[in-house]
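First up is the structure itself, then whatever we jot down about it.
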């Protein structure tokens, strides 16, 4: 196995009086795409938010590229090279598509070649470049959110349920985009839609009840019907 | 400002028929001219109407200067500073440190000297209120982010203390603050008289508005502020420290209140510690009408409130006592969250 | 018996019980314990403010609504009775009519303001009430034909309440039983009854829903409570009781004016009393009002002496000038919101709870 980029060891997170993460152990290898599967309320989003420092772990350790970031502030974690696409997309609807991406470019100006590369995945962005992001459709907003995360090279992308509420045709386009993206970027992708990720993922972790209940290669899980049934039975029925 | 986009900056983006419509909400923009035109036949005499309208615009600009900072602070930080009026008072009173000792320059019949002394007073007032804002944010507001009830109580307490300290420092007597020599009198346009100082107030107000507009739309800091108004957490996730943005906006908003205080004090030509309290009420009405957090709405709201007050004062003085409340009720009946509701709030 | 009277809401702290009992006995016997008009005035003011502050706490402490229009409702009550008595002459008819009219106006205003702004946010409500109250104060001082303007109105109260009235010949414990004493007991009894009524309300199922809304309005809404309806009800209730407090004040002072009822200083006084006494406990209103009004009447004199003693020192003498009383209160207010958000009553109860847990 290759070098570990992100590592969570026994992470517990409380939100108010609720104990959401109950000892999460997760490793994300450098390069490729890791999928975090699990049904609603399993703690996937909380895991991402804990990594980003939006909620802080009450116990355990989060390390990124060897540095302990458990208690770091969100901007510092972001500057360390982690980009985050929240489930709600976090688009600035009042700002144009260009301005949305421009704010994500910390170097000051955006790299034209890289923009063209992004437009290759998401042609709609070029079309609506100077329009308020709030006026875009749900799928286009999702494109803005992902484009914002990759407008500059980052070391790790955290992407939360990008297919939620999108039409199948758009999901197909997104699969193509992710397939190319994972060649150059490291991605941790949270999903409920197993069909969407089973061909994409390199490694996979399954969450339930605030813990990781399975971790391994995606190919193994995709081949093992029985294991799928055991781990994801419920969510497969609900979300297929 | 939440409806503005800059298509002019389009870097050769292709435009085709399938583009989503840019929804610009024009209706509130029409309110000010429509109100002014409707009042013309009611007022009857054109010169009187010009004078009243100009008086309203000038007053509106001054209220806007005071209110803009408050609404921006609220939009970005979700903090409503009930002590905002204290910054208005402190600004006005600080100006006396310059204006009173330099009486000679004030009374000189030279526009340049007058401008210099007023400019210096404004600069000092903004500096002091800006620094006070910094301290206020650190000491009073920081511990109560996200706690609305405590915010209201604490900032109210801060206002009481500040008002009393003004009494301690400057005394309880009211201070006369005459206008500089060349700012007095009026220009005669046909039969209508327009006071010079009102012209200056309009100019300063427009400058503040345009500067704010440009900063918010054309600079990275401005974009970050607008982004932060909508989703502060995401701004942090992009790697920016929103706390610094908060402090900066709070200081700028406080300094603007200070500027407004100086303008208002010169307009009234006397200073009492009650200036903070009386402007607070106006400012609140204005930002409720505009939509909490919206700078553009605040601008329109300020003009509407001031014009209404002036027209009503002429047409029906008794009604003028509650004209701003009636205006607020009318606007809220039309749009329950103000003219330009900010999405998140 | 006591349980019924207090609606099962006991002080739950020995120190607090002693304090409350002291206030109760002190107020009940005030005409005979103290002498002079001023001391009796202090006692009556405490009685009225207990009601006023408790009704404010109904909104602030129990429901989480910040209103700056409480003095407006208080003023409506005072002006209602004052104007009626001024226009129609002394008699119980005008008192009843003025009270009824004031209650009706308060109810309508509270409903309208509530419907406008309670749906939105606490901050919205606070701002709108501030604006409306300011406008009301301006109206009261400008419409001088009706209200007497800045000077206010003096008027004659019903005969039995007039100072010249004698209930009996002779004196009890050195105090002649005149109309003032009768008025005092009218005020005292009304205040006690209103206070116990409010205690009953906050400890009823209705009161529990209010507290649930304050803690988490989403959850209360999810449980099926129409939070807007409850908030509006609490708001109206607070306004009505404040109006009655205004009526009592008018009867006691035989005068109404903008300074004593509508000014923002009265509003800040109420805020201070609620916070210092303890938000969310009606007993806080008792402790807060009693301490505050005593301090206001007797500490200010002390400040005057301090200021005189410091008269050589320019800045300090200003700081301790009796007119700067509000400065120190403001500081105290900010500090108590930070460090004692539960006020004196909260502190005493927490102390009692800690002790009882230590010694099982």
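The values are calculated or read from the model by the stated rules, or taken from the named source; none is laboratory data. Here the structure is a predicted model, which means the values were calculated and not measured. Methodologically, a virtual Cβ is constructed for each residue, glycine included, from the backbone with ideal geometry; neighbour enumeration extends over all protein chains shown.
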Tell me whether region C:271-281 contains one or more residues that are buried (at least 23 other Cβ atoms within 10 Å of the Cβ), under 30 Å from residue C:84 (Cα atoms), at pLDDT 85 or above and out of contact with any strand residue (DSSP E or B) (no Cβ under 8 Å at 6 or more places or on another chain).
yes
Among the residues of region B:65-100, how many are outside any helix (DSSP H, G or I) and either within 12 Å of chain C (Cβ to nearest Cβ) or surrounded by 24 or more Cβ atoms within 10 Å (Cβ to Cβ) (or both)?
6
Would you call residue C:44 at pLDDT below 90, assigned to a helix (DSSP H, G or I) and buried (at least 24 other Cβ atoms within 10 Å of the Cβ)?
no
Which of the residues spanning region B:236-258 are assigned to a helix (DSSP H, G or I) and within 7 Å of another protein chain (Cβ to nearest Cβ)?
B:236, B:237
Somewhere in region B:118-136, is a residue out of contact with any helix residue (DSSP H, G or I) (no Cβ under 6 Å at 6 or more places or on another chain) and facing another protein chain (nearest Cβ under 10 Å)?
no
Among helices (runs of 4 or more DSSP H) completely within region C:222-321, the ones holding 2 or more residues that are under 18 Å from the mean Cα position of the chain (by Cα) are C:227-253, C:258-261, C:264-277, C:282-309
The lone exception for residue C:335 - which of (1) under 23 Å from the mean Cα position of the chain (by Cα); (2) touching a residue at least 60 places away in the same chain (Cβ under 8 Å) it fails
(2)
How about region C:90-116: which of its residues are crowded, with 19+ Cβ neighbours inside 10 Å, touching a residue at least 24 places away in the same chain (Cβ under 8 Å) and farther than 30 Å from residue B:333 by Cα?
C:95, C:98, C:99
What number of residues within region C:273-318 are within 14 Å of chain B (Cβ to nearest Cβ), free of Cβ contacts under 8 Å to residues at least 12 places away in the same chain and touching a helix residue (DSSP H, G or I) at 6+ places or on another chain (Cβ under 6 Å)?
3
Single residue of B:152, B:160, B:139 found to be crowded, with 22+ Cβ neighbours inside 10 Å, without any contact (Cβ under 8 Å) to a residue 60 or more places away in the chain and within 14 Å of another protein chain (Cβ to nearest Cβ):
B:160
Would you mind finding the one in A:43, A:53, A:38, A:108 that is on the phi > 0 side of the Ramachandran plot, assigned by TED's automatic domain parsing to the domain that holds residue A:215 and free of Cβ contacts under 8 Å to residues at least 60 places away in the same chain?
A:53
Is there a residue being under 23 Å from the mean Cα position of the chain (by Cα), more than 14 Å from chain A (Cβ to nearest Cβ) and more than 17 Å from residue B:56 (Cα to Cα) anywhere in region B:185-204?
no
Looking at region C:143-164, is at least one residue buried (at least 17 other Cβ atoms within 10 Å of the Cβ), without any contact (Cβ under 8 Å) to a residue 40 or more places away in the chain and either part of a strand (DSSP E or B) or on the phi < 0 side of the Ramachandran plot (or both)?
no
If you go through region C:322-331, how many residues are touching a helix residue (DSSP H, G or I) at 6+ places or on another chain (Cβ under 7 Å) and more than 8 Å from every other protein chain (Cβ to nearest Cβ)?
2
If you go through region A:193-206 one residue at a time, how many are more than 19 Å from residue A:32 (Cβ to Cβ) and in a strand (DSSP E or B)?
0
Say whether the condition of being touching a strand residue (DSSP E or B) at 6+ places or on another chain (Cβ under 9 Å) and more than 14 Å from chain A (Cβ to nearest Cβ) is met by at least one residue in region B:287-301.
no
So, of the residues in region C:110-152 that are at pLDDT 90 or above and away from chain B (no Cβ under 11 Å), which turns out to be farthest from the chain's Cα centre (by Cα)?
C:111
Return the total of residues in region B:166-177 being more than 7 Å from every other protein chain (Cβ to nearest Cβ) and touching a helix residue (DSSP H, G or I) at 6+ places or on another chain (Cβ under 7 Å).
4
Inside region A:92-126, can you point out the residues that are at the interface with chain B (Cβ under 8 Å from one of its Cβ atoms), surrounded by 15 or more Cβ atoms within 10 Å (Cβ to Cβ) and part of a loop (DSSP other than H, G, I, E, B)?
A:92, A:93, A:94, A:95
For residue A:45, which of the numbered conditions (1) in contact with a helix residue (DSSP H, G or I) (Cβ under 9 Å, 6 or more places away or on another chain); (2) within 14 Å of chain B (Cβ to nearest Cβ) fails to hold?
(1)
Looking at B:307, B:339, B:327, B:333, can you tell me which residue is within 12 Å of chain C (Cβ to nearest Cβ) and at pLDDT 90 or above?
B:327
Taking residue C:84 and the conditions (1) without any contact (Cβ under 8 Å) to a residue 24 or more places away in the chain; (2) farther than 26 Å from residue C:100 by Cα, which numbered condition does it fall short on, given that it satisfies the others?
(2)
Considering only region B:309-322, I want to know if a residue exists there that is closer than 22 Å to residue C:123 by Cβ and part of a helix (DSSP H, G or I).
no
Quick test for you: out of C:349, C:324, pick the one residue that is at pLDDT 85 or above and out of contact with any strand residue (DSSP E or B) (no Cβ under 9 Å at 6 or more places or on another chain).
C:349
Could you tell me which numbered condition residue A:145 fails, if it satisfies all but one of (1) surrounded by 18 or more Cβ atoms within 10 Å (Cβ to Cβ); (2) outside any helix (DSSP H, G or I); (3) under 20 Å from the mean Cα position of the chain (by Cα); (4) not assigned by TED's automatic domain parsing to the domain that holds residue A:174?
(2)
Within region B:215-235, how many residues are surrounded by 16 or more Cβ atoms within 10 Å (Cβ to Cβ), facing chain A (nearest Cβ under 9 Å) and over 22 Å from the mean Cα position of the chain (by Cα)?
4
Could you please find all residues in region B:42-64 being surrounded by fewer than 22 Cβ atoms within 10 Å (Cβ to Cβ) and either under 12 Å from the mean Cα position of the chain (by Cα) or outside any helix (DSSP H, G or I) (or both)?
B:44, B:45
When region C:30-83 is checked residue by residue, the ones that are in contact with a strand residue (DSSP E or B) (Cβ under 6 Å, 6 or more places away or on another chain) and more than 30 Å from residue C:173 (Cα to Cα) are C:78, C:79, C:82
